[in-house]
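Chemist: Encoded as structure tokens, here's the structure I'll be asking about.
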């Protein structure tokens, strides 16, 4: 009964917001040297270059704002920019998190005993993280160091951190597992919905759609009517992409492309 109520509540939350079919308008197409891209809710763009060990931030018009060097052995660092004023930079297996401000200056280094080589982290709120440690999904308060809630994720233990991502949108947490599934949890970590997709190479979400990369094509999956629409097929290999609100950022070969979703 509880799970039915959770699913109904999840559907109602999405239904009472306007949902439109997704179409694309190209806003930016430029050459970059990058390995990871991210897009924050304000439209700012972030690039990690593993070769020169840098993290760069650009405004929505792709004007360079800030750059920092990434510490040794963190070339494959992960990034969460869902709070653009408290950016999470971490390297799975190093058991530390760096919090950066909007200028990419270091706010705080946090010890994270659960941040093993299979771990992933995402923002929960100003004081807490969502963390996956290879077996369990948990909400942790980084100020107190306490775990406030947790659940067994059921994820295959053979997966690496690069195969898992977490994203919180309003009252729900999306747990994305490459080539396996997307699980939607409530803020209390009760499972509300789950989709499986063995062809999904990458995925990201906004409030109404799940965006999946399959065979170098990005599809938009409507969370209400379960329809999937082909949005964009790339000529070169898509190595990274990110979604935030009504924008999609794609790293296609050495081209960075920013699209408006409408």
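The values are calculated or read from the model by the stated rules, or taken from the named source; none is laboratory data. Everything numeric in this text was worked out from a predicted model, so none of it was measured. Cβ placement follows ideal geometry from the backbone for every residue including glycine, while neighbour counts extend to all protein chains displayed.
Chemist: What is the number of the single condition among (1) at pLDDT 95 or above; (2) under 15 Å from residue 242 (Cα atoms) that residue 178 does not meet?
Modeler: Here residue 178 clears every test but (1).
Chemist: Can you name the residue in segment 139-154 that is assigned to a loop (DSSP other than H, G, I, E, B) and touching a strand residue (DSSP E or B) at 6+ places or on another chain (Cβ under 7 Å) and, of all such residues, is modelled with the lowest pLDDT?
Modeler: Step one: of segment 139-154, the residues assigned to a loop (DSSP other than H, G, I, E, B) are 142-145, 153-154.
Imposing the further condition that a residue be touching a strand residue (DSSP E or B) at 6+ places or on another chain (Cβ under 7 Å) reduces the set to 142, 153.
Working: 142: 90, 153: 70.
Going through the qualifying residues, I end up with 153.
Chemist: Identify the residue in segment 244-254 that is surrounded by fewer than 16 Cβ atoms within 10 Å (Cβ to Cβ) and in contact with a strand residue (DSSP E or B) (Cβ under 7 Å, 6 or more places away or on another chain) and, among all such residues, is nearest to residue 201 (Cα to Cα). Walk me through how you get there before you give the answer.
Modeler: So in segment 244-254, the residues surrounded by fewer than 16 Cβ atoms within 10 Å (Cβ to Cβ) come out as 245-246, 253-254.
From the residues that got through so far, the ones that are in contact with a strand residue (DSSP E or B) (Cβ under 7 Å, 6 or more places away or on another chain) too are 246, 254.
Details: 246: 21, 254: 19 Å.
The residue in question is 254.
Chemist: Just checking, does segment 40-52 include any residue being over 24 Å from residue 206 (Cα atoms), under 19 Å from the mean Cα position of the chain (by Cα), surrounded by 12 or more Cβ atoms within 10 Å (Cβ to Cβ) and at pLDDT 95 or above?
Modeler: There is at least one residue in segment 40-52 that is over 24 Å from residue 206 (Cα atoms), under 19 Å from the mean Cα position of the chain (by Cα), surrounded by 12 or more Cβ atoms within 10 Å (Cβ to Cβ) and at pLDDT 95 or above.
Chemist: Looking only at segment 207-233, filter to residues that are assigned to a loop (DSSP other than H, G, I, E, B) and closer than 23 Å to residue 81 by Cβ; which one of those is nearest to the chain's Cα centre (by Cα)?
Modeler: Taking segment 207-233 first, the residues assigned to a loop (DSSP other than H, G, I, E, B) are 207-208, 215-216, 223-227.
Within this subset, residues satisfying the condition of being closer than 23 Å to residue 81 by Cβ are 207-208, 223.
Details: 207: 13, 208: 15, 223: 17 Å.
Only one residue fits best here, namely 207.
Residue-by-condition table, conditions (1) at pLDDT 95 or above; (2) surrounded by fewer than 19 Cβ atoms within 10 Å (Cβ to Cβ); (3) in a loop (DSSP other than H, G, I, E, B); (4) touching a helix residue (DSSP H, G or I) at 6+ places or on another chain (Cβ under 7 Å):
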| site | (1), (2), (3), (4) |
| --- | --- |
| 61 | yes, yes, yes, no |
| 93 | no, yes, yes, no |
| 107 | yes, yes, no, no |
| 117 | no, yes, yes, yes |
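Chemist: Hey, another quick one. Would you say residue 56 is under 22 Å from the mean Cα position of the chain (by Cα), modelled with pLDDT of 85 or more, over 20 Å from residue 234 (Cβ atoms) and assigned to a strand (DSSP E or B)? Break it down stepwise before answering.
Modeler: Working: under 22 Å from the mean Cα position of the chain (by Cα): yes; modelled with pLDDT of 85 or more: yes; over 20 Å from residue 234 (Cβ atoms): yes; assigned to a strand (DSSP E or B): yes.
Spelling it out, residue 56 is indeed under 22 Å from the mean Cα position of the chain (by Cα), modelled with pLDDT of 85 or more, over 20 Å from residue 234 (Cβ atoms) and assigned to a strand (DSSP E or B).
Residues are listed down the side, and each one gets a yes or a no for (1) surrounded by 17 or more Cβ atoms within 10 Å (Cβ to Cβ); (2) out of contact with any strand residue (DSSP E or B) (no Cβ under 8 Å at 6 or more places or on another chain):
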residue	(1), (2)
182	yes, no
197	yes, no
205	yes, no
215	no, yes
224	no, yes
230	no, no
242	yes, no
257	yes, no
262	no, no
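Chemist: In segment 71-90, what count of residues is obtained for those that are in a loop (DSSP other than H, G, I, E, B), closer than 20 Å to residue 53 by Cβ and touching a strand residue (DSSP E or B) at 6+ places or on another chain (Cβ under 7 Å)? Lay out the reasoning, then the answer.
Modeler: At the first step, the residues of segment 71-90 found to be in a loop (DSSP other than H, G, I, E, B) are 71-77, 81-86.
Of the ones still in play, those that are also closer than 20 Å to residue 53 by Cβ are 71-77, 81.
The next check asks that each one be touching a strand residue (DSSP E or B) at 6+ places or on another chain (Cβ under 7 Å); those that pass are 77, 81.
Residues flagged as in a loop (DSSP other than H, G, I, E, B), closer than 20 Å to residue 53 by Cβ and touching a strand residue (DSSP E or B) at 6+ places or on another chain (Cβ under 7 Å) within segment 71-90 amount to 2.
Chemist: Out of (1) in a helix (DSSP H, G or I); (2) modelled with pLDDT of 95 or more, the odd one out for residue 8 is which?
Modeler: All conditions are met except number (2).
Chemist: Can you say whether residue 134 is under 20 Å from the mean Cα position of the chain (by Cα), surrounded by 17 or more Cβ atoms within 10 Å (Cβ to Cβ), in a loop (DSSP other than H, G, I, E, B) and touching a residue at least 12 places away in the same chain (Cβ under 8 Å), as far as the supplied structure shows?
Modeler: Working: under 20 Å from the mean Cα position of the chain (by Cα): yes; surrounded by 17 or more Cβ atoms within 10 Å (Cβ to Cβ): yes; in a loop (DSSP other than H, G, I, E, B): yes; touching a residue at least 12 places away in the same chain (Cβ under 8 Å): yes.
Answer is yes for this residue.
Chemist: Looking at segment 61-86, which of its residues are within 19 Å of the chain's Cα centre (by Cα) and without any contact (Cβ under 8 Å) to a residue 24 or more places away in the chain? Full working, then the answer.
Modeler: Of all residues in segment 61-86, those within 19 Å of the chain's Cα centre (by Cα) come to 74-86.
If the condition is that a residue be within 19 Å of the chain's Cα centre (by Cα) and without any contact (Cβ under 8 Å) to a residue 24 or more places away in the chain, then 74, 85 are the ones that fit.
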